[in-house]
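The values are calculated or read from the model by the stated rules, or taken from the named source; none is laboratory data. This structure is a prediction, so every number in the text was calculated from the model and none was measured. As a convention, Cβ positions derive from the backbone with ideal geometry for all residues, glycine included, and neighbour counts pool all protein chains shown.
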Amino acid sequence: MPEFPILVVSLALVLPASAAAQVGHDPANSPYRDIRNRTNLVATGWYLRGSGGRLGLGPQSGEVVGARYETRLTGPSDVFLGLALGRFERMVIDPDGAEATRVTGPVDQSIVFVSVGLSVLLTGDKTWNGLAPYLGAALGLGFGGGVASDSSEFRFNAKFVSGPHAGIRFYATRSLSLRLEGRLLFWQLKYPSGFFTEPLRAPNDPPVLNQDTDPASEWTSHPTLIFAVGYALRL
């Protein structure tokens with residue numbers, strides 16, 4: 001999974017280099033075609049690889065479905081607004097329980113992602129043999145639903161989510177495009193103060209985290225593979 005974004009970036013850098021070859025092409029036989037549509041509605045399906053963090057409380061790997069609305073800015077740049085729903089699993093920790101039994105799960109964890117982003121087409125306003133590689137970045141928020149079995153104060157609520165992406169579009173027709181995209185998403189997990197105190201029901205056991213050596217938060221990275229289908233809107 002981590003190798004995928006590298007592959008996409010490599011292809012994205014190679015294809016534009018061939019763009020200079022379009023000079024001198026007979027327009028009727030040229031591999032380059034103008035991208036005429038400026039606005040698209042895109043259906044997306046993700047596979048997100050979750051790390052869970054060092055305690056396993058963050059979302060594990062799972063699937064995400066969503067949609068985004070994208071429109072062309074001046075030049076070969078698109079801005080998009082996305083909404084997606086993911087269903088994952090994560091572990092649960094009872095900070096007042098005995099060390100041997102305090103970790104349970106996995107349990108279901110749902111997350112709603114809201115994001116905005118920018119993509120730059122590396123072949124400009126044209127495709128090469130129907131292909132258009134792009135690079136960009138997105139930022140947004142992830143809203144996690146409650147987990148009834150988690151009695152601790154740990155929550156996945158309103159997490160700032162950001163990261164770069166690279167992808168390739170294939171224009172099957174002027175209106176229909178298929179996309180393959182790799183993203184690397186980052187978010188921060190914050191641990192409640194109760195994880196650093198002595199367990200109430202097991203006073204002889206150590207706390208979940210050591211206040212002298214363990215940080216109260218950590219950033220986690222999540223390689224994500226996205227398949228998408230875009231349809232041009234005539235507005």
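Miscellaneous remarks
- Number of residues in the stretch 80-99 that are free of Cβ contacts under 8 Å to residues at least 40 places away in the same chain and surrounded by fewer than 16 Cβ atoms within 10 Å (Cβ to Cβ) equals 4.
- When residues of the stretch 180-225 are limited to those that are aliphatic (A, V, I, L, M) and closer than 14 Å to V161 by Cβ, the one surrounded by the most Cβ atoms within 10 Å (Cβ to Cβ): L185
- Meets criteria (within 17 Å of L184 (Cα to Cα), at pLDDT 95 or above and surrounded by fewer than 19 Cβ atoms within 10 Å (Cβ to Cβ)) for V114: yes
- Failed item in (1) among the charged types (D, E, K, R); (2) farther than 18 Å from R155 by Cβ; (3) in contact with a Leu (Cβ under 9 Å, 6 or more places away or on another chain), with E218 passing the rest: (2)
- Residue satisfying all of: in the stretch 65-114; touching a Phe, Trp or Tyr at 6+ places or on another chain (Cβ under 6 Å) and assigned to a strand (DSSP E or B); farthest from T39 (Cα to Cα) among these: Q109
- Looking at R201, R179, just one residue is under 29 Å from the mean Cα position of the chain (by Cα) and farther than 20 Å from P59 by Cα, and that residue is R179.
- Residue that is of a type in the set (S, T, N, Q), without any contact (Cβ under 8 Å) to a residue 60 or more places away in the chain and under 17 Å from D96 (Cβ atoms), where the choices are N157, N210: N210
- A138 satisfies every condition listed in (1) free of Cβ contacts under 8 Å to residues at least 40 places away in the same chain; (2) under 20 Å from Q188 (Cα atoms); (3) of a type in the set (A, V, I, L, M, F, W, C) except (1).
- Of all the residues in the stretch 36-48, those that are part of a strand (DSSP E or B) and surrounded by fewer than 18 Cβ atoms within 10 Å (Cβ to Cβ) number 5.
- Of everything in the stretch 117-140 that is of a type in the set (S, T, N, Q) and assigned to a strand (DSSP E or B), the residue that is surrounded by the most Cβ atoms within 10 Å (Cβ to Cβ) is S119.
- In the stretch 141-160, the qualifying residues are those that are surrounded by 20 or more Cβ atoms within 10 Å (Cβ to Cβ) and part of a strand (DSSP E or B), and the one that is modelled with the highest pLDDT is G142.
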